[in-house]
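The values are calculated or read from the model by the stated rules, or taken from the named source; none is laboratory data. Please read all numbers here as calculations on a predicted model, not as lab measurements. Here the Cβ positions follow ideal geometry from the backbone for every residue, glycine too, while neighbour counts run over all protein chains shown. Ligands, DNA and RNA are excluded from the accessible area calculation, which covers all protein heavy atoms including side chains. Shrake-Rupley method; radii C 1.70, N 1.55, O 1.52, S 1.80 Å.
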Amino acid sequence: MTIQDAIKQQNIDAVKRILTEDPSAIDETDDRGIAMSFLAARSGNLELVKYIVEYSRASMNMVDDSNRNILHYGAMSGNASLCRYLVEKVGMDILSGDRNLVTPYQIAYEGNYAELLEYFQEKVGAAYEEMYHNPIRQGMFPDPSIVRVGDDYYMVNSSFIFFPCIPISHSRDLVHWEIIGHAITNPEWSRLGDLEGGRGYWAPDISYDNGTFYITATYRLNDTGGVYRRQIVVSSDKPEGPYSEPAYIEEDGIDPSLFHDSDGRHYMLLNRGARILELSEDCKRQISEARLLYYGSQKRAPEGPHLLRKDGWYYLFLAEGGTGAGHRITVARSRTLLGDYEPCPYNPIMRQEDEGAGIWRCGHGKPVQTASGDWYMVYLCGRKLWRVGAQGPEICSMLGRETALDPIRWTEDGWPIVNELKGPSVLQRKPHLPTYVPTESPDRQWITPREPESDGIRMVGERFTIKGSIEPLSNVHARNICLRRQTSFAFSAQVKIYVPKLLLGQEAGITCYYDENSWVCYFLGKDEQGQFLQVKEHIGTETNEHVKTYISVEECVGGYVYPDSIDTNIKVPGGGMMELGVKTNGLERRFYAEAGGLHYESEVLPDVYYLCDEGVSMGKRFTGAMVGMYAFAGDEQLFVDFEDFRYQVL
């Protein structure tokens, strides 16, 4: 009898005999790579698990290929006594997440194991329905900054070269958010037109003082000329705006934030480390030289400084370690504004230490206090997607950098620590705040790479009219590309298109888009043989064109009539409306078209790695994958109607 057979039969005597003769047998795995200790936990046999834990050499740090530990498998059994033992005696965490951010608590909830759920609720202090999942802002919502005014919370995030610039989100419970406006909505003020992907507006900060909301950010230019970075400040008496024309602070650096001191003076902080300079009363002019407050605790890429005054201390929060696996949040404090600042003995107060976890690169945070006195930190994070590369498994960052939320506890010696220094949470208790139900207008989810033309995009209800761009998607001067953030690794998106009358070389369709250097599209085009459907991929400087499927359009909206004189795979019936769609799962993309009951699917694209931060070594890869609609006209004019765009997380 093998150890696997003995465990499956729950034959404890046989397990003891086998492990006495061969202690290494506990290290074996089944044909799916599942460890013997995990099989025992999944069986629900407490005595068997106790023996393995206490008498075998099995490691309780072991995880499977999905980063699941022994408590995940114990939760699958539904045995509350077994899970109690693993939690209270072995020290396993009910809220530990696997690669897909599934926790033992979620397994118990989805399995409807009543006794186990009751125990988990007792230990966590909240029912599963009273928990929230990180990240709280999914898709491209990086570099968060937050402020509370009364019972309302406002947050801003980087927007890079996307317009309108710098989204402003609102919440009342810190978990559910909606975009209520943007810091720059006037295309004459945004100055995005020639900027390469990943540049534009970086790391904004929102603050409030004496009836006025202030937003500051770095305006990052291309690496040409003598100035690469400028700081902007806008203000408004309404959180949603409109905001004033940007005022420029000509001090080099990134990640500005504003600090309004109790004496009425205003300051800007910038990297490297934390440098401070004083601003005028309206925060539009620099009135002192910048000076260094503190360089940081880890001292690698110190940036994202934020100041907080509390209990007679100035607390200085920094992002350090770069924006990859080493990213972290540290804090230092001083009795005076200008220092000297002493580092926190618990630094880093936020960092992901688990290399196999589904959430990583956590940093760039800002604290906020609720009206009831509780403290939380919003911070940058990312979700991992794995790919098999030439050197083995590789991490892909497709969704961009997102926003997470975790509680802050102030220690007895006056230091803030985030999530008890456990790193980012996957599942966390909701703040003690009334649930907020967003009513976000669908229009606010749409953004465009750089400013659209004045007549480039028209939205009326669910109808979009897009003016074809003179330049293709691979050009920084492409315009009128209507996009929304990808928020999940698996989603579907569909849109109806009124089949346009195309000229040679023109296109209209849908796109999965990262920047001008990396995208894939599925479109209606026209060449000398007629109209066709085609997939096209752009990776760096190369464009891959897939097989064309020619179609015949007899009649289309607007009264155009097309001759039925070419070989066809699809015949679009009278009315000229077609649905274009994409189905996704991780790095896989499958495009399709439907018209008049006929269905066409493209070949499977198994690895669109180029839609990830790591996919192409060109430009600043700081954004995230998106999906939307576009049209390319070339030198001629083209207007295309789209309708009923639907995005669904799968």
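Couple of notes before you dig in:
- Separation of the E528 and E601 label points, Cα + 7 Å toward Cβ, nm: 3.5
- Restricting the stretch 252-327 to GluC sites (Glu not before Pro) that sit in a DSSP loop and have at most 12 other Cβ atoms within 10 Å of their own Cβ leaves E281, E289.
- Counted by Cβ distance under 12 Å from W313, the other residues give a net charge of +1, where Lys and Arg count +1 and Asp and Glu count -1.
- Two-site FRET efficiency, R646 against R32, from Cβ-Cβ distance with R₀ of 41 Å, rounded to 0.05: 0.70
- The stretch 601-648 and the stretch 107-183 have Cα centres spaced 27 Å apart.
- Checking the Cα-Cα distances for K16/K50; K422/K620; K501/K536; K501/K548 against a 22 Å cut-off, the pairs over it are K422/K620.
- Cleavage-rule hits, GluC sites (Glu not before Pro), the stretch 477-534, DSSP coil, Cβ neighbours within 10 Å at most 11: E528
- Annotation: per residue accessible area for the stretch 148-278 equals 32 Å², rounded to a whole number [probe 1.4 Å, protein chains only].
- Surface accessible to a 1.4 Å probe, per residue, for the residues of the stretch 575-629, Å²: 35
- Which labelled figure in (i) 1.12; (ii) 1.02; (iii) 1.17 is Rg/Rh (Cα atoms, Kirkwood Rh), once derived from the coordinates: (ii)
- Evaluated with a Cβ-only charge set (Lys, Arg +1; Asp, Glu -1), the chain carries a dipole of roughly 1000 debye about its Cα centre, given to the nearest 20.
- Where trypsin sites (Lys or Arg not before Pro) fall in DSSP loop in the stretch 1-108, at most 12 other Cβ within 10 Å: R32, R57, K89
- Gap separating the Cα centres of the stretch 516-552 and the stretch 5-39, nearest whole Å: 54
- The stretch 440-514: C-alpha gyration tensor shape, a/c 1.5 cut-off, then a/b vs b/c: rounded
- Whole-number accessible area per residue in Å² for the stretch 424-478, which is evaluated in the context of all protein chains at 1.4 Å: 52
- Share of carbon and sulfur in the accessible area of the chain stands at 44%, probe radius 1.4 Å.
- Extension gain, E240 to R458, is 76.3 nm, computed as 0.36 nm per intervening residue step minus the present C-alpha separation.
- Global form of the stretch 171-304, assessed from the alpha-carbon gyration tensor, a/c cut-off 1.5: rounded
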